[in-house]
1. Kindly evaluate residue 225 against the criterion of being within 22 Å of residue 451 (Cβ to Cβ), in contact with a helix residue (DSSP H, G or I) (Cβ under 7 Å, 6 or more places away or on another chain) and among the β-branched types (Val, Ile, Thr).
2. Mind checking which residues of segment 418-443 are among the polar types (S, T, N, Q) and at pLDDT below 85?
3. Checking residue 87 against (1) out of contact with any Asp or Glu (no Cβ under 8 Å at 6 or more places or on another chain); (2) in a strand (DSSP E or B): exactly one of these is not met. Which one?
4. May I ask you to say which residue of 180, 221, 199 is under 19 Å from residue 118 (Cα atoms), not hydroxyl-bearing (Ser, Thr, Tyr) and not in a loop (DSSP other than H, G, I, E, B)?
5. For a quick check of your reading of the model, give me the residue pairs whose first member lies in segment 428-446 and is acidic (Asp, Glu), whose second is assigned to a loop (DSSP other than H, G, I, E, B), with beta-carbon atoms closer than 8 Å and at least 6 apart or on different chains.
6. Of everything in segment 446-460 that's more than 14 Å from residue 425 (Cα to Cα) and modelled with pLDDT under 85, which residue is surrounded by the fewest Cβ atoms within 10 Å (Cβ to Cβ)?
7. Checking the conditions here, which among 120, 194, 207 is within 26 Å of residue 275 (Cα to Cα), assigned to a loop (DSSP other than H, G, I, E, B), modelled with pLDDT of 90 or more and of a type in the set (S, T, N, Q)?
8. Can you confirm whether segment 137-144 contains a residue that is in a helix (DSSP H, G or I) and either at pLDDT below 90 or among the small types (Gly, Ala, Ser) (or both)?
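The values are calculated or read from the model by the stated rules, or taken from the named source; none is laboratory data. No experiment lies behind these values; they were computed from the predicted model shown. Because the Cβ atoms are built from the backbone with ideal geometry, glycine has one as well, and the counts that use them run over all protein chains shown.
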Amino acid sequence: MTQPPPDLPGLRFERLLGSGGYSDVYLYRQQLPSRQVAVKVLRDSGLAEAQRAQFTAEANAMAGLADHPNIVPVFSAAVSADGRPFIVMMFYSRPNLAVRAASERLGVAEVLRIGIQIASAVETAHRAGILHRDIKPANLLINQFGTPGLADFGIAGQIAAIEDDPDMGVSVPWAAPEVLYATSPTSVRSDVYSLAATLWHLLVGRSPFEERNGDNSPFALMRRVRDNAPPSTGRQDVPGSLDRLLRQAMAKDPAARPPSAIDFARGLQAVEQELQLPRTEIVVTTEAGDAPTPGEGPQLWQSAPATVARPASFSPQGSAPPAVNPPPPPTTARPAAYAVQGGAPTRYAPSSAPGAARTEADGRARRGPLVLVAGGVLLVGVLAVVIGFAVTGGSGKPKPIATVSNGVDTQDAGQLGENLPPGRPTVTGTRASAGVLVFRWTYSAALPSDTFEWREVGTSRRGVVTEPLLRLSDPGGSHCVQVRVVRIDGSNASATFSPKGCVP
């Protein structure tokens with residue numbers, strides 16, 4: 001529930017701008033210098049320490065990137081007299097791009113320009129060691145001059161952090177499948193996916209896997225994100241090269257996507273050249289390409305951008321893009337920490353080569369996201385991280401496994417009604433090969449939509465899988481796993497975990 005705005009020294013309240021899962025954003029008038037500012041305030045002064053730390057991390061992340069022309073600047077951060085932390089930011093007066101996309105289809109040229117500018121911001125954040133993790137149209141703000149700014153680093157995290165924030169929220173329609181299902185760690189390529197999904201939304205007016213007049217509940221969207229191929233925009237004025245780039249950037253396998261935000265931006269530049277549009281410059285920090293150790297400042301980068309190694313599944317086209325004379329560089333001065341990327345952009349095309357094989361995760365414990373959904377927070381049974389991966393049939397969609405447990409054929413369970421509770425799983429484990437543990441389980445009254453929460457006994461490894469099969473990295477020794485069934489509505493259908501299934 002929205003709380004009254006706090007009394008803040010030097011600021012006069014004007015109106016509420018919006019509300020999120022745990023904070024409200026207000027418009028204030030700053031007295032000196034006189035200007036309007038946006039103030040983000042934690043809704044409850046009694047929030048958990050983890051949420052306060054997350055809020056502090058947002059202030060620090062945005063302040064550290066404030067010089068970038070496409071990142072919303074932070075002016076200050078403090079705690080109000082009633083104990084609520086707040087951040088004072090630049091006020092962007094025009095409607096955000098989610099509002100605008102709901103009423104009009106943006107032109108191709110404008111979407112390309114916005115995409116390159118926001119990709120520049122994302123690349124800069126990545127080079128500072130920060131993942132955004134919630135890129136979406138509502139977080140793209142527009143100032144009075146029409147310049148976009150990336151906002152809401154509220155769930156941003158350090159790339160080099162050892163553990164993810166267990167209370168991290170994600171916005172389902174634009175999140176990568178590995179983020180929703182924790183099949184691999186969140187990475188730079190996860191942000192690339194979200195940026196591509198956001199640009200697709202701006203072109204079409206809805207998120208990529210949303211269906212008109214269909215079931216667009218979080219669970220339905222999650223399954224389509226996981227199972228369905230990225231769709232075409234269907235717009236006649238969108239060139240095939242842009243459609244291909246967006247679909248490749250939304251590939252299920254992170255290894256098949258552009259390896260960085262700057263590579264994605266160069267692909268967008270290539271489309272601009274193809275359409276003979278003025279080239280939008282890529283503006284990135286001049287620090288080294290590798291993410292610095294958290295706490296270290298940016299390191300100046302004097303040479304040309306380093307070439308980024310690409311996997312075999314992501315290959316430049318053999319032909320060079322058509323020559324277009326680029327416009328002269330603008331005369332406006334930029335902070336010394338930023339540089340315009342020169343040189344011809346690289347063109348990319350989807351490859352028919354299979355993506356790189358997904359490797360076993362390193363065994364580091366990760367717990368899963370809360371799923372942020374339009375106007376509120378929905379707690380979803382997506383506990384990150386599945387250190388193995390879900391096994392599917394040849395179609396890429398989950399296939400129910402026919403087993404018999406307690407005398408009930410699980411393939412016929414649906415005929416008995418979806419309200420029939422599942423039997424308690426029986427778990428067995430084997431050591432499949434050096435370094436790989438495999439656990440399987442059977443249970444009665446199974447439904448094809450069931451998912452499974454698992455935990456390893458005696459460790460912090462846990463997660464969710466979509467098939468009754470789990471692969472884990474094997475550090476040696478004895479390992480035991482317990483499982484419980486989760487129905488599609490998010491309920492834990494089996495109230496308690498199964499007996500242990502062990503590998504000696």
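1. Working: within 22 Å of residue 451 (Cβ to Cβ): yes; in contact with a helix residue (DSSP H, G or I) (Cβ under 7 Å, 6 or more places away or on another chain): yes; among the β-branched types (Val, Ile, Thr): yes.
In short, yes.
2. Going through segment 418-443, the residues among the polar types (S, T, N, Q) turn out to be 419, 426, 428, 430, 433, 442.
Result: 419, 433.
3. (1)
4. Working: 180 fails: under 19 Å from residue 118 (Cα atoms); 221 fails: under 19 Å from residue 118 (Cα atoms).
Checking each option against the conditions leaves just 199.
5. Close Cβ pairs satisfying both conditions: none exist.
6. In the first step, residues of segment 446-460 are kept if they are more than 14 Å from residue 425 (Cα to Cα); the result is 448-449, 456-460.
Add one more test, that the residue is modelled with pLDDT under 85, and what stays is 448-449, 460.
On the way: 448: 14, 449: 16, 460: 12.
Residue satisfying both the conditions and the ranking: 460.
7. Values: 120 fails: assigned to a loop (DSSP other than H, G, I, E, B); 194 fails: assigned to a loop (DSSP other than H, G, I, E, B).
Going through 120, 194, 207 in turn, just one is within 26 Å of residue 275 (Cα to Cα), assigned to a loop (DSSP other than H, G, I, E, B), modelled with pLDDT of 90 or more and of a type in the set (S, T, N, Q): 207.
8. Filtering segment 137-144 down to residues in a helix (DSSP H, G or I) leaves 137-139.
Then keep just the ones that are either at pLDDT below 90 or among the small types (Gly, Ala, Ser) (or both); that gives 138.
Yes; the residues of segment 137-144 include at least one that is in a helix (DSSP H, G or I) and either at pLDDT below 90 or among the small types (Gly, Ala, Ser) (or both).
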